[in-house]
């Protein structure tokens, strides 16, 4: 009896199912290509996907309040480009200051979006679509079509190579961010308010939560994370150019959705996003190793997303049916 | 009912404003150059008639269409082009396509035709996709030449090639052979899968590889980095993991070689690198020892490519050449050039031989470009 | 109280002149005239011949906008249209290069696109819990991926003989066929939306799909039809795009979905559903196209054009909200004073 309950509980929890699938995937790939689970390989994979993972965290909060933000890569590109330009023209060279500036730029971008959405009542998809064009265009205009290449970046690019306590700096930042967000979302009032606003905006407002303010802060946080992500991307790839991360906003949304975040708001968790992002990273990395031609990569990725979300729905339906059965007389 | 009538009236007003309010009809009037141009004194040829006021460059408009926006190599070429045109008194328009695709270039070409420019010099993102637009340009009397990345023979009058394709292919092939130590696996990291110039050089490399002395070399993969540092980095890492026995990566694109050099050097990998790179970007990666990932590489001076492109465009516009084989002209201080036959049935002008950069001369050249 | 559609049962006459001119569509007409005057002022090259030359490429995009308005009015979204265009254009080019005559290539292209739309519709109607955004995101990736596989390592395909597709790029006088076709289809789609019961059902579904279902409207069947129609129009777009570009590559059609949604929203269609008119979307499509062409003629950096378009989009949606906000504040102040 107890075993049944445990199994039911496990199959009901999406995160646990996802984790099992992820482990299964890793095992299969490791068998086919033993070089997959080596330290360097995992290190590389995490480093390359750290930016997307950070953005997915911010996207979690945005999706939780029932919004969406497709301007994330443009904000990252703008902040990254500003960092690159500051380095190129030798205006500021201190790594820490540059990171703070990038986060600041991102926050300003996020605040603008937040104000337009919460006060201006513009639908999030429209507002962020407009800002996607605006911020990306600004990145091009500010840089005057010049890139900042490795030679210009001086010491900044060494940040991505450096280690602290044995873990790569970039990965460390991602890990710390995930821990912070996990704590905030689960154990602080602010986190609970985000879930409340997402579940039912009017009910939350009536119960005294300033829904508009929550939405504004959520978009600001998203912007700040984008700024951080942009600066990290510049460091990891040793170059800043205005078309950085073009087209990758859908990858961020996909990572959240695979991780079980509902696009209608109110449902989702940090651990889900972590697993979703890891799954996308593993799939990206593993496909060439398993012999799937790089040309078929996108198709396989899209198909996997489709399979995951359909399975999700089927699972939800069966849990619903089961719980209904228990209530039948 | 009233509202419906009103909507109809508004629609008619709409239609009229499109047809009437936008200026004159196409009665072949000479259109003046755009309000931005500074040096224009006389009107340039309009879209319907050919221009036959030869011999006078000042007042003519030359357009350069790059492959994409921002790529340092493109920027240097544009610099050289602009400098020559403006010092000769002409007007130079440099247009970057919205994205690095042929579709975006088609819009740019159509806009230039509407502006009635005298010459279009283009670095094509795709060999064939631009044919319709460029043929329309040539029919409107615009001289079409290409530089760096060619379009097919029917779409151009001539092509300014930085170095013979065969020469580049041979030089790179020999470099791979030398660095590999005579045998082993090697891979290519290219730009986009449609890029005419990279594809031409890869073809040349493959045909050079059929010779006996390359028999022990194995080309395992051609990866496409799309001229994006991120994607190039990811592809390099994928190559390193897929082929543990890889010895050499050859990247015939400045963005690719830059990304790959960083990856290899940061990892301290034993895989070596060669290809085509900008000295200013590759300075810290060039070296003979184990610490540096690239023993040597090749390129040419992109600024000179731009300048030769400008001289060619000017010569076409003032009709001192027509783009046919054996035409000769003087390209300012670059010297005399003769148009030769190109492999695809059209004609080309070759700037010179590819130049080798290694640890002995990298510092000197890094300061220049 | 105005419902989502903005219509209300009030005593004010709805057909007054003021209401029509100051309706969003009326403002759009004024903006259109203003944009044309502005562009003509900027450059003497802004002539009807040049505009008609550059339009076909942008007009192909507008084909997708018509069904997208329907989708948005229903409260759904479809971001896979660009990929459907890519896939059908690719397969059409491959068929044409293989010697298949134009009369067979055209229906083939339309059929493939319709099937893609059908797939979208089937998944969405069978799994109603799935948000349209995510499903069409996944199909966007898959369809483009299939095109990438078909294109192989070259990544692009060109028509070996352009004479077939050149017919489609023909003109009557100075007016390209595309323009005429767009005009006809615009009228058809606009009439269906505004004057038929099918159109009313779309508005009903967008306003409140549950209520629509209870009142006897086959919501899922209509959704399926609309998504299939979207696929079909994407096929039409692909055909005319190929007649301009004479080829296809892996990036064909990328960004179309966002462009088209922007045009529709700028034209007054609400993404929440239940609001908007086709005429508004058509006018806004031409505003955006003329603005692009006009600014391109004075060589404004294409990135700056993007900034302008983005800002216009936000302002277009923001202004009515701010106006409503100010109105509300006035009314509240009046109530408090009374």
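The values are calculated or read from the model by the stated rules, or taken from the named source; none is laboratory data. From a predicted model like this one, the values you see are computed outputs, not experimental measurements. Positions of Cβ are generated from backbone atoms using ideal geometry, with glycine treated the same way; all protein chains shown enter the neighbour counts.
All but one of (1) in a loop (DSSP other than H, G, I, E, B); (2) within 18 Å of residue B:126 (Cβ to Cβ) hold for residue B:70; state the number of the condition that does not hold.
Tallying (1) in a loop (DSSP other than H, G, I, E, B); (2) within 18 Å of residue B:126 (Cβ to Cβ), residue B:70 fails exactly one: (2).
Which residues, counting only those in segment C:302-320, are within 7 Å of another protein chain (Cβ to nearest Cβ) and farther than 24 Å from residue C:193 by Cβ?
C:302, C:303, C:304, C:306, C:307, C:309, C:310, C:311, C:314, C:318
Just give me the residues in segment B:81-107 being surrounded by fewer than 20 Cβ atoms within 10 Å (Cβ to Cβ) and under 22 Å from residue B:335 (Cβ atoms), in sequence order.
Those that are surrounded by fewer than 20 Cβ atoms within 10 Å (Cβ to Cβ) and under 22 Å from residue B:335 (Cβ atoms): B:82, B:83, B:86, B:87, B:88, B:89.
Which numbered condition trips up residue B:364, out of (1) in contact (Cβ under 8 Å) with a residue 24 or more places away in the chain; (2) not assigned by TED's automatic domain parsing to the domain that holds residue B:310?
(1)
With respect to the numbered conditions (1) within 11 Å of chain B (Cβ to nearest Cβ); (2) surrounded by fewer than 24 Cβ atoms within 10 Å (Cβ to Cβ); (3) in a helix (DSSP H, G or I), which one is the sole condition not fulfilled by residue C:94?
Failing condition for residue C:94: (1).
For segment C:127-161: of the residues being touching a strand residue (DSSP E or B) at 6+ places or on another chain (Cβ under 9 Å) and not in a strand (DSSP E or B), which is surrounded by the most Cβ atoms within 10 Å (Cβ to Cβ)?
Ranking the qualifying residues of segment C:127-161, first place goes to C:147.
Of C:284, C:270, which residue is over 30 Å from residue C:157 (Cβ atoms), in contact (Cβ under 8 Å) with a residue 40 or more places away in the chain and away from every other protein chain (no Cβ under 11 Å)?
On the way: C:270 fails: away from every other protein chain (no Cβ under 11 Å).
Going through C:284, C:270 in turn, the sole match is C:284.
Considering only residues that are at pLDDT 60 or above, exposed (fewer than 13 other Cβ atoms within 10 Å of the Cβ) and part of a loop (DSSP other than H, G, I, E, B), which ones fall in segment A:1-34?
A:34
Scan segment B:280-302 for residues that are touching a residue at least 24 places away in the same chain (Cβ under 8 Å), away from every other protein chain (no Cβ under 14 Å) and part of a loop (DSSP other than H, G, I, E, B) and jot them down. Step through it out loud before you land on a result.
Our first condition is that a residue be touching a residue at least 24 places away in the same chain (Cβ under 8 Å); within segment B:280-302, this holds for B:280-283, B:285-288, B:291-302.
Subset that is away from every other protein chain (no Cβ under 14 Å): B:287-288, B:291, B:295-302.
Passing the criteria: B:287, B:288, B:291, B:295, B:300, B:301.
Run residue B:231 past the list (1) on the phi > 0 side of the Ramachandran plot; (2) free of Cβ contacts under 8 Å to residues at least 60 places away in the same chain and report the number of the one that doesn't hold.
So residue B:231 meets the others, but not (1).
Quickly run through segment B:84-121 and pick out the residues that are in a strand (DSSP E or B), more than 10 Å from chain C (Cβ to nearest Cβ) and touching a helix residue (DSSP H, G or I) at 6+ places or on another chain (Cβ under 7 Å).
B:92, B:119, B:120, B:121
Applying the selection to segment B:306-331, what residues are assigned to a loop (DSSP other than H, G, I, E, B), out of contact with any helix residue (DSSP H, G or I) (no Cβ under 8 Å at 6 or more places or on another chain) and within 15 Å of residue B:57 (Cα to Cα)?
Selection gives B:318, B:319, B:320.
At least 3 residues that are within 14 Å of chain C (Cβ to nearest Cβ) and crowded, with 23+ Cβ neighbours inside 10 Å in each: list the helices (runs of 4 or more DSSP H) lying fully within segment A:70-158 that qualify.
Ranges flagged: A:72-88, A:95-118, A:124-143.
With the structure loaded, tell me whether residue A:43 is under 22 Å from the mean Cα position of the chain (by Cα) and modelled with pLDDT under 90 or whether it fails that test. Steps first, answer last, please.
Details: under 22 Å from the mean Cα position of the chain (by Cα): yes; modelled with pLDDT under 90: yes.
Yes, satisfied.
Testing residue A:88 on (1) farther than 20 Å from residue B:75 by Cβ; (2) over 23 Å from the mean Cα position of the chain (by Cα); (3) touching a residue at least 24 places away in the same chain (Cβ under 8 Å), one condition comes back false. Which one is that?
(1) is the only condition that residue A:88 fails.
Could you check segment B:177-225 and list, in sequence order, the residues that are in contact (Cβ under 8 Å) with a residue 40 or more places away in the chain and in a loop (DSSP other than H, G, I, E, B)?
Result: B:181, B:191, B:192, B:194, B:195.
Quick one: which of C:295, C:325 is surrounded by fewer than 23 Cβ atoms within 10 Å (Cβ to Cβ) and in contact with a helix residue (DSSP H, G or I) (Cβ under 8 Å, 6 or more places away or on another chain)?
C:295
Considering each residue of segment B:152-169, count those that are out of contact with any strand residue (DSSP E or B) (no Cβ under 6 Å at 6 or more places or on another chain) and not in a loop (DSSP other than H, G, I, E, B), and give that number.
The qualifying residues number 8.
For segment B:237-263, enumerate the residues that are part of a helix (DSSP H, G or I) and in contact with a strand residue (DSSP E or B) (Cβ under 6 Å, 6 or more places away or on another chain).
Across segment B:237-263, the qualifying residues are B:239, B:256, B:257, B:260, B:261.
Which pairs turn up if I take residues in segment A:311-329 that are more than 19 Å from residue C:128 (Cβ to Cβ) and look for partners that are part of a helix (DSSP H, G or I) and modelled with pLDDT of 80 or more with beta carbon separation below 7 Å, at least 6 apart in sequence or on another chain?
Listed pairs, sorted by first residue: none to list.
Quick check on segment A:248-262. Is at least one of its residues more than 12 Å from chain C (Cβ to nearest Cβ), surrounded by fewer than 22 Cβ atoms within 10 Å (Cβ to Cβ), under 24 Å from the mean Cα position of the chain (by Cα) and assigned to a helix (DSSP H, G or I)?
No, there is no match, as no residue in segment A:248-262 is more than 12 Å from chain C (Cβ to nearest Cβ), surrounded by fewer than 22 Cβ atoms within 10 Å (Cβ to Cβ), under 24 Å from the mean Cα position of the chain (by Cα) and assigned to a helix (DSSP H, G or I).
Among the residues in segment B:332-350, are any part of a helix (DSSP H, G or I) and crowded, with 21+ Cβ neighbours inside 10 Å?
There is no residue in segment B:332-350 that is part of a helix (DSSP H, G or I) and crowded, with 21+ Cβ neighbours inside 10 Å.
Please verify whether segment C:167-182 includes one or more residues that are assigned to a helix (DSSP H, G or I), in contact (Cβ under 8 Å) with a residue 12 or more places away in the chain and at the interface with chain B (Cβ under 10 Å from one of its Cβ atoms).
yes
Restricted to segment A:295-329, and to residues that are in contact with a helix residue (DSSP H, G or I) (Cβ under 8 Å, 6 or more places away or on another chain) and more than 7 Å from every other protein chain (Cβ to nearest Cβ), which residue is farthest from residue A:48 (Cα to Cα)?
Checking each candidate, the answer is A:322.
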